[in-house]
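The values are calculated or read from the model by the stated rules, or taken from the named source; none is laboratory data. Since we're looking at a predicted model, the values are computed, not measured. Every residue, glycine among them, receives a Cβ derived from its backbone with ideal geometry; neighbour counts consider all protein chains shown. Surface areas here come from the heavy atoms of the whole protein model, side chains and all, with no ligands, DNA or RNA. Shrake-Rupley method; radii C 1.70, N 1.55, O 1.52, S 1.80 Å.
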Amino acid sequence: MDARAIVVLSTLLFVPAAAAALSAASQNSPAAAANDGAARPVQGKVFVLTAADGGGANVVVQVGAEGVLLVDTQTADNAPRVFGAVRALSPEPIRWIVNTSARIDHMGANDALARLGATAASLGRPRIVSHQNVVRRLVGVSAVSRDAWPNDDFFTRDKDFFFNGEAVIVTHMPAAASDGDSIVFFRRSDVIATGDLFMPGRYPAIDRAAGGSVQGEIDALNAILHLAVPGKYQEGGTYIIPGHGRICDEADVVEYREMVTVVRDRVQDLIKKGSTLEQVKAARLTRDYDGEYSRPGSTSADTFVESVYSSLK
């Protein structure tokens with residue numbers, strides 16, 4: 001059995017359903033995609049569930065004697081699959097849901113999972129946490145039911161609470177991919193959930209209309225790196241769960257930040273020389289990165305450059 005899986009197992013003996021799930025999951029690397037419907041162990045009390053097609057938002061699951069905490073929920077039609085994976089880990093009610101942004105693939109299943117997971121009537125609905133800008137972005141969005149909105153929004157830099165024996169710190173990252181993004185740090189488990197602020201193998205999805213900016217994106221990546229501590233030879237240590245894609249560590253975020261910073265500087269240089277957006281795009285400033293970060297269904301190189309140009313201009 002993998003050493004990390006042994007650590008996870010030792011922390012979850014008080015959750016009867018988790019041991020069986022962890023036994024099967026330990027046959028796989030934490031970085032493996034969970035496309036078979038099972039949540040994979042990360043470390044400590046934290047697991048991750050990816051979308052069945054590999055393209056949806058990652059769902060982070062923390063389990064313990066007090067109940068279940070979710071970071072993001074995927075879309076409403078994925079709720080039964082997500083709930084099944086949660087129940088394979090723990091029979092306890094879902095007590096907390098944290099949304100890292102207002103994007104539908106991150107919070108569309110809030111209501112469905114809140115209803116499915118509310119096994120104790122006395123507990124009421126789970127507390128659904130987000131920055132207040134997420135709620136503001138949902139006003140007038142007909143695709144998202146009012147029942148799916150966060151019911152515990154915060155306006156300060158951080159919101160923290162203690163759950164299942166560890167500190168959980170939700171930190172707002174202003175003007176990054178949007179104006180409402182947050183990261184979630186599980187301090188004892190040493191795991192960071194980043195939402196769409198970090199997505200390995202994809203260019204950043206900076207939504208300028210929703211208050212995003214390239215400098216805010218870089219600032220957010222630096223904030224993640226400030227929290228993360230690498231293990232031996234810069235591998236392992238703090239594990240980082242992106243909004244989409246594989247589990248990563250500090251070295252992966254460093255590489256990503258350098259890519260964003262280099263593209264920003266290249267665009268800034270051409271802006272100083274008086275180049276128009278079309279001229280900047282024609283210069284193919286991302287060509288040495290396209291092989292790694294361009295993929296179907298994600299942000300294109302041109303869209304990324306446009307968002308950088310708009311941020312700087």
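Key figures
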{"quantity": "Which numbered condition PHE185 misses (of (1) over 13 Å from the mean Cα position of the chain (by Cα); (2) open to solvent by 10 Å² or more (accessible area, probe 1.4 Å); (3) modelled with pLDDT of 95 or more)", "calculated": "(1)"}
{"quantity": "Pairs where the first residue, in segment 299-313, is under 12 Å from LEU285 (Cβ atoms) and the second is at pLDDT below 95 and hydroxyl-bearing (Ser, Thr, Tyr), C-beta under 7 Å, 6+ apart", "calculated": "ALA301/SER294"}
{"quantity": "When residues of segment 197-246 are limited to those that are among the polar types (S, T, N, Q) and modelled with pLDDT of 95 or more, the one least open to solvent (accessible area, probe 1.4 Å)", "calculated": "THR238"}
{"quantity": "Any pair with Cβ under 8 angstrom, 6 or more apart, that starts in segment 77-89 at a residue that is under 14 Å from VAL63 (Cα atoms) and ends at one that is open to solvent by less than 40 Å² (accessible area, probe 1.4 Å) and among the aromatic types (Phe, Trp, Tyr)", "calculated": "LEU89/PHE47"}
{"quantity": "Test: ALA34 is of a type outside the set (Lys, Arg), open to solvent by less than 10 Å² (accessible area, probe 1.4 Å), modelled with pLDDT under 95 and within 18 Å of the chain's Cα centre (by Cα)", "calculated": "yes"}
{"quantity": "Scope segment 37-93; condition touching a His at 6+ places or on another chain (Cβ under 6 Å) and modelled with pLDDT under 95; matching residues", "calculated": "ALA57"}
{"quantity": "Neighbours by Cβ (under 6 Å, 6+ apart or cross-chain): first from segment 97-110, closer than 16 Å to VAL139 by Cβ; second open to solvent by 10 Å² or more (accessible area, probe 1.4 Å) and in a helix (DSSP H, G or I)", "calculated": "ALA102/ARG137"}
{"quantity": "Tally, over segment 143-153, of residues that are farther than 9 Å from ASN110 by Cβ and within 18 Å of the chain's Cα centre (by Cα)", "calculated": "1"}
{"quantity": "Of all residues making up segment 67-81, the number that are over 17 Å from GLY195 (Cα atoms) and either open to solvent by less than 40 Å² (accessible area, probe 1.4 Å) or under 14 Å from the mean Cα position of the chain (by Cα) (or both)", "calculated": "3"}
{"quantity": "Residue within segment 281-299 that is modelled with pLDDT of 95 or more, over 21 Å from the mean Cα position of the chain (by Cα) and of a type in the set (S, T, N, Q) present", "calculated": "yes"}
{"quantity": "Selection count, segment 244-297, where residues are farther than 30 Å from VAL229 by Cα, of a type in the set (A, V, I, L, M) and touching a residue at least 24 places away in the same chain (Cβ under 8 Å)", "calculated": "4"}
{"quantity": "Scan of segment 279-313 for residues that are over 12 Å from ARG208 (Cα atoms) and hydroxyl-bearing (Ser, Thr, Tyr), ordered by number", "calculated": "THR286, TYR289, TYR293, SER294, SER298, THR299, SER300"}
{"quantity": "Tally of residues being part of a loop (DSSP other than H, G, I, E, B) and open to solvent by 80 Å² or more (accessible area, probe 1.4 Å) across segment 141-166", "calculated": "5"}
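Each row is one residue, and each column tells you yes or no for (1) open to solvent by 40 Å² or more (accessible area, probe 1.4 Å); (2) more than 27 Å from SER298 (Cα to Cα); (3) at pLDDT 90 or above; (4) touching a strand residue (DSSP E or B) at 6+ places or on another chain (Cβ under 6 Å).
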| position | (1), (2), (3), (4) |
| --- | --- |
| ARG95 | yes, yes, yes, yes |
| ASN99 | no, no, yes, yes |
| ALA114 | no, yes, yes, no |
| GLY117 | no, yes, no, yes |
